[in-house]
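J.: Mind having a look at this structure? Questions to follow.
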Amino acid sequence: MKDQLNRIIHLTKLPERIISLVPSQTELLFDLGLESSIVGITKFCVHPEHFKKGKTIVGGTKDVHFDKIKALQPDIILCNKEENTFEMIQELETIAPVHISNIYTVEDCLELIEMYGGLFSKEEKASEIIQNIKFKYADFKKFIKDKPTIKTAYFIWKSPWMVAAKGTFIDEMLRLNKFENYYRHLERYPEIDLSEEIKESAGLVLLSSEPFPFKEAHKKLLKQFFPQGNIVLVDGEAFSWYGTRLLKAFDYFKSLHQDRLS
């Protein structure tokens with residue numbers, strides 16, 4: 001079996017002990033009906049909420065306790081190219097087979113769901129989830145079709161100020177919403193100097209709820225740099241989580257356009 005980096009994964013049996021080091025993938029596993037097979041998660045795996053008490057926390061997405069992971073005797077460890085470091089994955093491969101996802105588009109998400117369906121013998125449930133996402137995706141494309149394009153800045157961090165640029169899943173979600181990424185000339189998640197931004201202001205500034213928890217006070221702070229921009233607090237999970245989170249994301253995007261941008 002191959003992962004999304006076309007790496008061959010060697011398995012001798014159906015994986016029954018799973019460690020997930022990516023929050024959105026942990027949620028996907030739960031929705032596939034694999035709760036009892038998940039033995040380890042990260043401290044950022046907050047959905048479903050009861051996992052924080054019932055599963056072993058093995059660290060963060062970029063800093064894990066290898067001894068805890070080894071003690072759990074996993075059959076497979078689920079990672080992501082963006083979330084987890086290369087050095088971490090190298091060490092994890094000495095413990096168990098590692099499957100790496102690589103997500104930039106909705107199509108990538110659907111591919112991963114199908115992969116997990118085959119990997120964990122949940123093909124029927126995976127197919128059901130895929131069809132539901134496709135339905136909501138098609139419905140949203142009809143909804144957004146005649147909306148105007150808005151030049152948009154998407155902030156993910158403060159001190160230093162950081163934004164989502166091109167080469168990210170967030171950038172793809174912005175594009176689907178007809179939000180033209182103000183920082184698309186930059187790569188990934190760059191630090192920016194706000195003092196240089198007054199010359200050409202974005203029409204919309206989105207402040208994510210994660211990884212930095214932006215609040216109302218930050219809207220006033222950024223208004224001086226984007227005086228013409230509509231500054232809005234948004235649900236970061238809708239823009240950055242993939243898998244079954246997309247079932248909720250498209251509904252959220254609709255409400256964002258109808259209730260806060262109209």
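What follows is calculated from the coordinates using simple rules that are stated; it is not laboratory data. Remember, it's a predicted structure, so these values are computed and weren't measured experimentally. Please note: Cβ atoms are built from the backbone with ideal geometry, for glycine as well, and neighbour counts cover all protein chains shown.
J.: Taking the Kirkwood radius as the inverse of the mean 1/r across Cα pairs, report the Rg/Rh of the chain.
T.: Computed over Cα atoms, the ratio is 0.99.
J.: Relative contact order of the chain: what whole-number percent is it, with Cα pairs under 8 angstrom and at least 6 residues apart?
T.: Taking the mean separation of contacting Cα pairs over the length of the chain, I get 16 percent.
J.: Among I89, F225, L110, whose Cα sits farthest toward the positive end of the charge dipole of the chain (+1 at Cβ of Lys/Arg, -1 at Cβ of Asp/Glu, about the Cα centre)?
T.: F225
J.: Could I ask something else about it? So how far, in whole Å, is the C-alpha centre of the stretch 82-146 from the one of the stretch 34-53?
T.: When both Cα centres are located, 18 Å separates them.
J.: Further question on the same structure: To the nearest 500 deg cm²/dmol, what mean residue ellipticity at 222 nm is calculated for the chain from DSSP H runs of n ≥ 4 alone, each contributing -39,500 (n - 2.57), summed and divided by the residues?
T.: Details: 10 runs with 93 residues, N = 262.
The helix-only estimate for the chain comes to -10000 deg cm²/dmol at 222 nm.
J.: OK, next. Pull up the cross-link candidates among the aspartates and glutamates for K70, meaning alpha carbon to alpha carbon under 18 Å and not fewer than 8 places away within one chain.
T.: Candidates past the 8-residue exclusion: E16, E87, E91, E93.
J.: Sorting W161, W241 on the 10 Å Cβ count, fewest up front, what's the list?
T.: Working: W161 18, W241 25.
Ranked by crowding around the Cβ, least crowded first: W161, W241.
J.: Treating the Cα atoms of the stretch 18-102 as identical point scatterers in vacuum, please give the log10 of the normalised Debye intensity I(q)/I(0) at q = 0.17, 0.22 Å⁻¹, two decimals.
T.: -0.57, -1.00
J.: Rounded to the nearest 0.05, what FRET efficiency do K248 and K13 have when you use their Cβ-Cβ distance and R0 = 51 Å?
T.: It comes to 0.90.
J.: Right, next: Can you give the % of DSSP beta bridges in the chain that are antiparallel, to the nearest 5?
T.: Just about 15 percent of them are antiparallel.
J.: Oh, and also: Of K178/K219; K141/K248; K13/K136; K43/K248; K81/K166; K142/K178, which ones are farther than 24 Å apart at the Cα?
T.: K13/K136
J.: Sticking with this structure for a sec: For the stretch 145-260, give the share of DSSP beta bridges that are antiparallel, in percent and rounded to the nearest 5; count only bridges with both residues there.
T.: So the antiparallel bridges in the stretch 145-260 amount to around 20 percent.
J.: Given DSSP loops and a limit of at most 13 other Cβ atoms within 10 Å, what is the longest stretch of the chain that contains no such GluC sites (Glu not before Pro)?
T.: Numbers: sites that count: E16, E49, E93, E200.
So the longest stretch without any such site is 94-199.
J.: Can you find, among T56, W241, N177, the residue farthest towards the positive end of the dipole of the chain? Put +1 on the C-beta of Lys and Arg, -1 on that of Asp and Glu.
T.: N177
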